[in-house]
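Q: One structure, pasted below without further comment.
The values are calculated or read from the model by the stated rules, or taken from the named source; none is laboratory data. In this text, all values refer to a predicted model and were calculated from it rather than measured experimentally. Positions of Cβ are generated from backbone atoms using ideal geometry, with glycine treated the same way; all protein chains shown enter the neighbour counts.
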Amino acid sequence: MERDRFYITTPIYYPDNRLHIGHTYTTVAADALARYHRLRGRDTYYLTGTDEHGQKIEQAARDKGVSPQEFVDEMAAWIQDLWAELGISWDGFIRTTDPRHTKVVQHVFARLYEQDDIYSAPYAGWYCTPCESFFPEGRVEGGNCPDCNREISWVEEDAYFLRLSKYADAMLQHIEDNPEFIQPVSRRNEMVRFLESGLEDMCVTRRRDALQWGIPVPFDPNYVIYVWFDAVTNYISAIGFGEEDSDFDLWWPADVHLIGKEILRFHCLIWPIMLMALGVPLPGQIFGHGWLTLAGQKISKSRGNSVDPRILVGKYGRDAVRYYLLREIPFGADGKYTERSLVERTNVDLANDLGNLLSRVTAMINRYCDGVIPAPGEMMEVDTNLTVVAADAVAEAARALERNLISDSLEGLWKLVNAANKYIDETAPWSDEADDERRGTILYNMSEVLRILAIALRPYLVDAPSEMWRQLGLEASVSFDGTCWDDLGWGGAPSGVAIDRGDPLFPRLDADEVLQDNGKKQERKEETKPMIDFDTFSEMDLRVARVIEAERIEGADRLLRVMVNVGHGKTLQVVAGIAEHYDPDDIKGQQVVVVANLQPAKLFGVESQGMILAAEDGDDLSLLGVEAVLPPGSKVK
Ligand code: ME8
């Protein structure tokens, strides 16, 4: 029987730092799924929250000179504001410092200890603070974390262990018996391989003298509970596990734990084994999505390449950001983030395909039908074809969403958007050949497509669908908030209602203008960079050079093409972002400093073979020079 409830979770995020577009990705994806299931009429619970204990948080609070509790209070509030700004419709926000949660964690720990699934033994191995992960001796080479490649510390202490090995076979069996348990399939295979290579028991405590900021082991004051043991328990503590008269049985087991692929092992092995040991049913599915990458690297707080979702929302609006994240990257795979692709998606899919459709249709209803949705007349083949496309698109979207394949579902819906645009062009209601009845039929059909889209897009977009509804004048007869997936059948648009044409849903963006503006803000925001060693520094070939010629690059207000003499008979062509500060004629003959061994890159179709160094302060920019006149090619060191 189909379950009429849906319980979905995101990871609970570490509030050690501001969250970035990667966390936003998971949260928006879970939100889209939660909204979809609500639209299907299922009781839905969407849980997110913050993972507030552990060494990382303790250090971050110490660096800021505040207590860990003050620190996490401020960060958790910041995160909730961020999610509110993005229109995230969470039902529960769990904080692991909540006494309701700590009580459950202590209860689970004590129970597993009592039944001998937790035992005490000495630990000697590695610990990675950024990942909050233990690694056995053999898995670490050269003192760096095998997962994140950052520095790792050696830990030797008496500890408590969770008996994972006892459950390894049962775990493997469960994965084999339940093909949907870990998705996508590639992640499932990865976990099976990992299990087959042998599962060791896991350390689940830290000594109190090494770490204070954690939940105390209830029967041993010398220890706090390992932050991952604490964290995964949120999925049951938030819904009242172990409490009398709670909603636990209503929601558990969770339908989907949506997570990033780097935390698969905690979710696909350790967490289910904890549940098995407790005799609690396992979640239906763990879906490990891919990473958003920038310049080939995972976007992450500590790599210093994080992208601030608030800046993007401020610039493009939350619907554009949400749509981009949900549509651009095939759900499950890694995907490159670039702001240019966000702008392109917004312009093509949202402004042109969707926004223009609404704008054209409402303009024609005003012009040909006195601003009122007309009644349809006789349907021709082209019209019934459109109804078939609509039904297929909706069915395809639902099929994909039932399997959490969000980008596929949007692809399905855009088949209808594209077909509708084609339909208008083909039926040409503006042409002299169309009489009033024919025009009425076409514009009714178009209103109907827009009505269907407004409802079907509700999971993904939070502002545009209701605005479409409003402009179509539908609110007068049907409340938008009351619509549901069952309203997606053809023929629901009421004839005779007055439309209210408004501003474009998504104004077209001038890509070069918005992207250049952002370049400035990003540069200013970047304050510190990680330390580098001397060898890394000396890999840079810095030279005194002389400008031979310079000219503006068409279409790029900030850029100059500059030819520089770098000595030894060599000339480099450099594209420099200095056009707002220097006239090409002014810099001819000037002595500058260049990076002469930078990999060539194309900017606005012009190859840049190096970089001219400049200092920047807010809107001011000044080229770097050397005091005396030196021959081109002189080394800078
Ligand atoms: O791991 N691309 O928290 P966290 C896509 N507290 N998703 C990304 C991403 C990227 N570049 N970067 C982060 C923790 N994420 C633990 C979780 S759960 C019991 C405890 C997303 O703050 C992705 O979902 O490091 C990843 O799993 C999560 O953020 C990690 O967030």
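Q: Taking segment 353-369 on its own, how many of its residues are surrounded by fewer than 20 Cβ atoms within 10 Å (Cβ to Cβ) and under 24 Å from the mean Cα position of the chain (by Cα)?
A: Looking only at that region, the number is 1.
Q: Based on this model, can you work out whether Gly142 counts as touching a residue at least 24 places away in the same chain (Cβ under 8 Å), at positive phi, not aliphatic (A, V, I, L, M) and not in a helix (DSSP H, G or I)? Quick ask: steps written out before the conclusion?
A: On the way: touching a residue at least 24 places away in the same chain (Cβ under 8 Å): no; at positive phi: yes; not aliphatic (A, V, I, L, M): yes; not in a helix (DSSP H, G or I): yes.
No.
Q: Could I ask something else about it? Look at Asp220 and say whether it is at pLDDT 95 or above and surrounded by fewer than 22 Cβ atoms within 10 Å (Cβ to Cβ). Break it down stepwise before answering.
A: Numbers: at pLDDT 95 or above: yes; surrounded by fewer than 22 Cβ atoms within 10 Å (Cβ to Cβ): yes.
Considered against the rule, which asks whether it is at pLDDT 95 or above and surrounded by fewer than 22 Cβ atoms within 10 Å (Cβ to Cβ), Asp220 comes out as yes.
Q: Check segment 5-21 and report whether any residue there is farther than 21 Å from Asn234 by Cα, touching a helix residue (DSSP H, G or I) at 6+ places or on another chain (Cβ under 8 Å) and near the ligand (Cβ under 8 Å from one of its atoms).
A: Taking every residue of segment 5-21 in turn, at least one turns out to be farther than 21 Å from Asn234 by Cα, touching a helix residue (DSSP H, G or I) at 6+ places or on another chain (Cβ under 8 Å) and near the ligand (Cβ under 8 Å from one of its atoms).
Q: If I go through segment 23-48 residue by residue, how many of them are near the ligand (Cβ under 7 Å from one of its atoms) and either buried (at least 23 other Cβ atoms within 10 Å of the Cβ) or under 16 Å from Leu410 (Cβ atoms) (or both)?
A: We begin by selecting, within segment 23-48, every residue near the ligand (Cβ under 7 Å from one of its atoms); these are 23, 25-26.
Subsequent filtering for residues that are either buried (at least 23 other Cβ atoms within 10 Å of the Cβ) or under 16 Å from Leu410 (Cβ atoms) (or both) retains 23, 25.
Result for segment 23-48: 2.
Q: Tally the residues that are assigned to a loop (DSSP other than H, G, I, E, B) and in contact (Cβ under 8 Å) with a residue 12 or more places away in the chain, restricting the search to segment 490-517. Quick ask: steps written out before the conclusion?
A: As a first pass, look at segment 490-517 and keep what is assigned to a loop (DSSP other than H, G, I, E, B): 490-497, 499-510.
If we keep only those that are in contact (Cβ under 8 Å) with a residue 12 or more places away in the chain as well, we get 490-497, 499-502, 504-509.
Of the residues in that region, 18 qualify.
Q: Residues in segment 36-53: is at least one out of contact with any His (no Cβ under 8 Å at 6 or more places or on another chain), small (Gly, Ala, Ser) and in a loop (DSSP other than H, G, I, E, B)? Outline the logic, then answer.
A: In the first step, residues of segment 36-53 are kept if they are out of contact with any His (no Cβ under 8 Å at 6 or more places or on another chain); the result is 36-43, 45-53.
Now restrict to residues that are small (Gly, Ala, Ser): 41, 49.
Those still in the list that are in a loop (DSSP other than H, G, I, E, B) too: 41.
Yes, segment 36-53 contains a residue that is out of contact with any His (no Cβ under 8 Å at 6 or more places or on another chain), small (Gly, Ala, Ser) and in a loop (DSSP other than H, G, I, E, B).
Q: Please verify whether Asp169 is surrounded by fewer than 16 Cβ atoms within 10 Å (Cβ to Cβ), more than 23 Å from Ile236 (Cβ to Cβ) and charged (D, E, K, R), treating the condition exactly as stated. I'd like the intermediate steps shown before the answer.
A: Numbers: surrounded by fewer than 16 Cβ atoms within 10 Å (Cβ to Cβ): yes; more than 23 Å from Ile236 (Cβ to Cβ): yes; charged (D, E, K, R): yes.
For Asp169, the condition - surrounded by fewer than 16 Cβ atoms within 10 Å (Cβ to Cβ), more than 23 Å from Ile236 (Cβ to Cβ) and charged (D, E, K, R) - is met.
Q: Name the single residue, out of those in segment 96-119 being polar (S, T, N, Q) and touching a residue at least 60 places away in the same chain (Cβ under 8 Å), that is surrounded by the most Cβ atoms within 10 Å (Cβ to Cβ). Spell out how you get there, then give the answer.
A: Filtering segment 96-119 for residues polar (S, T, N, Q) gives 96-97, 102, 106, 115.
From what is left, the residues that are touching a residue at least 60 places away in the same chain (Cβ under 8 Å) are 96, 102, 106, 115.
Working: Thr96: 26, Thr102: 20, Gln106: 18, Gln115: 12.
Only one residue tops the list, namely Thr96.
The rows are residues; the columns are (1) farther than 30 Å from Leu312 by Cα; (2) among the polar types (S, T, N, Q); (3) not in a loop (DSSP other than H, G, I, E, B).
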site	(1), (2), (3)
Gln69	no, yes, yes
Asp73	no, no, yes
Ser89	no, yes, no
Ile94	no, no, yes
His101	yes, no, yes
His107	yes, no, yes
Ala110	yes, no, yes
Tyr113	yes, no, yes
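Q: Can I ask one more? Could you list, in sequence order, the residues of segment 293-316 that are touching a Leu at 6+ places or on another chain (Cβ under 7 Å) and either within 8 Å of the ligand (Cβ to nearest atom) or of a type in the set (Lys, Arg) (or both)?
A: Those that are touching a Leu at 6+ places or on another chain (Cβ under 7 Å) and either within 8 Å of the ligand (Cβ to nearest atom) or of a type in the set (Lys, Arg) (or both): Ile299, Arg310.
Q: Of everything in segment 530-556, what is small (Gly, Ala, Ser) and either over 17 Å from Ala596 (Cβ atoms) or in a helix (DSSP H, G or I) (or both)? Give them in sequence order. Walk me through how you get there before you give the answer.
A: Filtering segment 530-556 for residues small (Gly, Ala, Ser) gives 538, 545, 550, 555-556.
If the condition is that a residue be small (Gly, Ala, Ser) and either over 17 Å from Ala596 (Cβ atoms) or in a helix (DSSP H, G or I) (or both), then Ser538, Ala550, Gly555, Ala556 are the ones that fit.
Q: For segment 242-292, give me each residue that is surrounded by fewer than 18 Cβ atoms within 10 Å (Cβ to Cβ), away from the ligand (no atom under 11 Å from the Cβ) and among the charged types (D, E, K, R).
A: Those that are surrounded by fewer than 18 Cβ atoms within 10 Å (Cβ to Cβ), away from the ligand (no atom under 11 Å from the Cβ) and among the charged types (D, E, K, R): Glu243, Glu244, Asp245, Asp247, Asp249.
Q: Quick one: which of Asn421, Asn404, Asn366 is touching a residue at least 60 places away in the same chain (Cβ under 8 Å) and at positive phi?
A: On the way: Asn421 fails: at positive phi; Asn366 fails: at positive phi.
Within the list Asn421, Asn404, Asn366, the selection yields Asn404.
Q: With Ile499, Ile442, Ile455, Ile424 as the choices, which residue is aliphatic (A, V, I, L, M), in contact with a helix residue (DSSP H, G or I) (Cβ under 9 Å, 6 or more places away or on another chain) and farther than 29 Å from Ala320 by Cβ?
A: So the residue among Ile499, Ile442, Ile455, Ile424 that is aliphatic (A, V, I, L, M), in contact with a helix residue (DSSP H, G or I) (Cβ under 9 Å, 6 or more places away or on another chain) and farther than 29 Å from Ala320 by Cβ is Ile442.
Q: In addition: Pick from Arg206, Arg187: which is in contact with a Gly (Cβ under 6 Å, 6 or more places away or on another chain) and not aromatic (Phe, Trp, Tyr)?
A: Result of the check over Arg206, Arg187: Arg187.
Q: Quick check, is Trp469 surrounded by 15 or more Cβ atoms within 10 Å (Cβ to Cβ) and not in a loop (DSSP other than H, G, I, E, B)? Talk me through it step by step, then tell me what you get.
A: Numbers: surrounded by 15 or more Cβ atoms within 10 Å (Cβ to Cβ): yes; not in a loop (DSSP other than H, G, I, E, B): yes.
Yes, satisfied.
Q: Do you know which residues across segment 164-180 are in contact with a strand residue (DSSP E or B) (Cβ under 7 Å, 6 or more places away or on another chain) and outside any helix (DSSP H, G or I)?
A: The initial filter retains those residues of segment 164-180 that are in contact with a strand residue (DSSP E or B) (Cβ under 7 Å, 6 or more places away or on another chain), namely 164, 175, 180.
Leu164, Glu180, listed by residue number.
Q: Among the residues that make up segment 579-592, is at least one of them part of a strand (DSSP E or B), at negative phi, without any contact (Cβ under 8 Å) to a residue 40 or more places away in the chain and touching an Asp or Glu at 6+ places or on another chain (Cβ under 7 Å)?
A: Taking segment 579-592 as the starting set, the residues that turn out to be part of a strand (DSSP E or B) are 591-592.
Remaining after also requiring at negative phi: 591-592.
Those still in the list that are without any contact (Cβ under 8 Å) to a residue 40 or more places away in the chain too: none.
For segment 579-592, residues part of a strand (DSSP E or B), at negative phi, without any contact (Cβ under 8 Å) to a residue 40 or more places away in the chain and touching an Asp or Glu at 6+ places or on another chain (Cβ under 7 Å): absent.
Q: Condition (residue is of a type in the set (Asp, Glu) and in a helix (DSSP H, G or I)) applied to segment 116-133: is it met by at least one residue? Before the answer, list the steps.
A: Restricting attention to segment 116-133, the residues satisfying the condition of being of a type in the set (Asp, Glu) are 116-117, 132.
From what is left, the residues that are in a helix (DSSP H, G or I) are none.
Scanning segment 116-133, I find no residue that is of a type in the set (Asp, Glu) and in a helix (DSSP H, G or I), so the answer is no.
Q: So, one more: When you go through Pro136, Pro179, Pro146, Pro99 one by one, which is the residue that is modelled with pLDDT of 95 or more and farther than 27 Å from Gly242 by Cα?
A: Values: Pro136 fails: modelled with pLDDT of 95 or more; Pro146 fails: modelled with pLDDT of 95 or more; Pro99 fails: farther than 27 Å from Gly242 by Cα.
After applying the criteria, what remains is Pro179.
Q: Would you pick out the residues in segment 612-624 that are over 15 Å from Thr571 (Cβ atoms) and surrounded by 11 or more Cβ atoms within 10 Å (Cβ to Cβ)?
A: The first filter runs over segment 612-624 and keeps only residues over 15 Å from Thr571 (Cβ atoms), leaving 613-624.
Passing the criteria: Leu613, Ala614, Glu616, Leu621, Ser622, Leu623, Leu624.
Okay, residues lined up against (1) within 22 Å of Trp90 (Cβ to Cβ); (2) without any contact (Cβ under 8 Å) to a residue 40 or more places away in the chain:
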{"site": "Arg163", "(1), (2)": "no, no"}
{"site": "Lys166", "(1), (2)": "no, no"}
{"site": "Gln173", "(1), (2)": "no, yes"}
{"site": "Phe181", "(1), (2)": "no, no"}
{"site": "Leu199", "(1), (2)": "no, no"}
{"site": "Asp209", "(1), (2)": "no, yes"}
{"site": "Val217", "(1), (2)": "no, no"}
{"site": "Ile236", "(1), (2)": "yes, no"}
{"site": "Trp271", "(1), (2)": "yes, yes"}
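Q: Look through Leu598, Leu572 and report the one residue that is surrounded by 12 or more Cβ atoms within 10 Å (Cβ to Cβ), outside any loop (DSSP other than H, G, I, E, B) and in contact with a Gly (Cβ under 6 Å, 6 or more places away or on another chain).
A: Leu572
Q: Search segment 317-345 for residues being of a type in the set (Asp, Glu) and more than 14 Å from the ligand (Cβ to nearest atom), and hand back the single one that is nearest to Pro459 (Cα to Cα).
A: Kept after step one, since they are of a type in the set (Asp, Glu), are these residues of segment 317-345: 319, 328, 334, 339, 344.
If we keep only those that are more than 14 Å from the ligand (Cβ to nearest atom) as well, we get 319, 339, 344.
Numbers: Asp319: 11, Glu339: 23, Glu344: 22 Å.
The extreme case among them is Asp319.
Q: Does Ala596 count as closer than 27 Å to Ala295 by Cα and within 35 Å of the chain's Cα centre (by Cα)? Outline the logic, then answer.
A: Values: closer than 27 Å to Ala295 by Cα: yes; within 35 Å of the chain's Cα centre (by Cα): no.
Considered against the rule, which asks whether it is closer than 27 Å to Ala295 by Cα and within 35 Å of the chain's Cα centre (by Cα), Ala596 comes out as no.
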